[in-house]
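Everything on this sheet refers to the single structure shown next.
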Amino acid sequence: MQVADFFDKHRFSSEIDVNSLLSEFDRQMTAGLAGNIDSLAMIPAFVDVNKPVPTEKPIIVLDAGGTNLRVAVMTFNGVGQVDTANFQKFPMPGTTGETIGKTAFFDAFAAFLQPVSSYADTVGFCFSYATEITPELDGKLLRWTKQIAAPEIVGEMVGSSIAAALEQKTGRKLKIRVLNDTVATLLAGKSAGISRQYDSYVGFILGTGTNIAYIESNRAITKVNGLNPNHTMVINVESGNFNGAPASDFDNRFDASTADPGIGRFEKMISGAYIGGLGLSLLKCAAQDGLFSQKASTALLAMNNLETKDFDDFVANPFASEGALARIPFTNDDRRTVIALGEPLFIRAASLTATNIAAAVMRSGAGRDALHPVCITIDGSTYYRTRSAFFKSRTEAALRAILSPRGVHFDIINVDDAPMVGSAVAGLIA
Ligand code: BGC
């Protein structure tokens, strides 16, 4: 069977109908803001981007990502730079293979905070999961993503629970301000790009998971009562859960093999926690359909998992001597097939990524004047490190192809440690 027939048979296409995807994003964004959530939660962040950031005041920053947990004390100096002290990195609780209970989870966070707890009275807590935020910036976890094994935390208020665990341990009470990593990334872009006079800001992450935040008029956030209609608010879209992208058999098979089928369908097509697994589901399906030599098929069908890095490295260089796929006895024809199968997955991911970013930029209504573009701050290892199919430049080209004809001006920037810097901003202005 030819690769093209194989893709048809399994309803996979690397080409995206951008217009229909953009309008589905927009429809679901409107619905989410009205409280009629289809797949986009559209979570108000209760962060006012127009407040000035106090300088020379230290703040504790806690950054809980999909793999690592980082702690530091940060201070903005008068010249727009941020000093970082007492930096520490730990594995994120719930990622080390065992399920962790509620008390142990919050105690672990309290223990991470304890050594720095006397340096400031506020913590900017970057919590990179779907979390409903209160006006006081506490956060209730709606659901886990990134396969974190801590089911008892769902529904809990994470900021006040960690503060309570720390108080019990040390007698010290800290204010913990919770925000999403995309919101933090947006804020980091705002503080880094202050001199450019941007019209609006977007924060996009493509790492272990994916998501986007943008600035919305309060008038459109009809699900929240009492907001000043003349002000704006950062919205965490939770776009990783978008269900509007067409799914192939590989997507469906892979989704069914994860711990949370049905959740994060968009994220499972594009982000680092999943592309490898999706790639393996594709390769196995191809092995079953006879696209590989006998020996390679047998070895592929025996594989249990495939990391995104190994998959990407091998598609980019099918003679790679390291990584899980290097151990498969591929012939050179098999290697050609790996490229022909693997690259389209990354090509599709680049188009989906660009469409997601464009949907948020268009929704902001900003950037119509070349003098004041929209500032898109992008963070995440998958975005910057994926090698296959010229991933990053392909995404940027696709974004230009969508936004330029629509008269939207934009800039893409990268801020070092954006989630941490933005969490410091949020904690300081809260
Ligand atoms: C989470 C989002 C987060 C994104 C990027 C997703 O899995 O649901 O809250 O912003 O990953 O880290």
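The values are calculated or read from the model by the stated rules, or taken from the named source; none is laboratory data. Everything numeric here is computed off the predicted structure, so don't read it as measured data. All Cβ positions, even for glycine, are placed from backbone atoms using ideal geometry, and neighbour counts span all protein chains on display.
Among the numbered conditions (1) under 19 Å from residue 239 (Cβ atoms); (2) surrounded by fewer than 16 Cβ atoms within 10 Å (Cβ to Cβ), the only one that residue 400 does not meet is (1).
Summed over segment 232-282, residues that are closer than 30 Å to residue 187 by Cα and aliphatic (A, V, I, L, M) total 10.
The set of residues in segment 42-70 that are surrounded by fewer than 22 Cβ atoms within 10 Å (Cβ to Cβ) and more than 16 Å from the ligand (Cβ to nearest atom) comprises 48, 49, 50, 51, 52, 53, 54, 55, 56, 57, 58. If you go through segment 1-57 and keep only what is aromatic (Phe, Trp, Tyr) and out of contact with any Leu (no Cβ under 7 Å at 6 or more places or on another chain), you end up with 7, 12, 25.
Taken over segment 203-219, the criterion of being buried (at least 19 other Cβ atoms within 10 Å of the Cβ) and farther than 29 Å from residue 261 by Cα is satisfied by 215, 216.
Annotation note: Cβ proximity below 8 Å between a residue of segment 120-131 that is under 19 Å from residue 429 (Cβ atoms) and among the aromatic types (Phe, Trp, Tyr) and a residue that is within 13 Å of the ligand (Cβ to nearest atom) and in a loop (DSSP other than H, G, I, E, B) (sequence gap 6+ or interchain) occurs for 127/180. For segment 142-181, a residue qualifies if it is among the aliphatic types (A, V, I, L, M), more than 16 Å from residue 44 (Cβ to Cβ) and within 16 Å of the ligand (Cβ to nearest atom), and the qualifying residues are 148, 149, 150, 153, 154, 158. Considered as a group, the residues in segment 378-395 that are among the hydroxyl-bearing types (Ser, Thr, Tyr) and either over 26 Å from residue 365 (Cα atoms) or in contact (Cβ under 8 Å) with a residue 60 or more places away in the chain (or both) include one that is surrounded by the fewest Cβ atoms within 10 Å (Cβ to Cβ), and that residue is 384. Of everything in segment 396-424 that is hydrophobic (A, V, I, L, M, F, W, C) and in contact with a Phe, Trp or Tyr (Cβ under 8 Å, 6 or more places away or on another chain), the residue that is farthest from residue 366 (Cα to Cα) is 424. Exactly one residue out of 120, 108, 130, 85 is within 16 Å of the ligand (Cβ to nearest atom) and either under 22 Å from residue 421 (Cβ atoms) or surrounded by 15 or more Cβ atoms within 10 Å (Cβ to Cβ) (or both), and it is 130.
The numbered conditions (1) in contact (Cβ under 8 Å) with a residue 40 or more places away in the chain; (2) surrounded by fewer than 19 Cβ atoms within 10 Å (Cβ to Cβ) are all true for residue 39 except (2).
The strands (runs of 3 or more DSSP E) located wholly in segment 37-138 that include 1 or more residues which are modelled with pLDDT under 95 occupy 68-76, 82-91.
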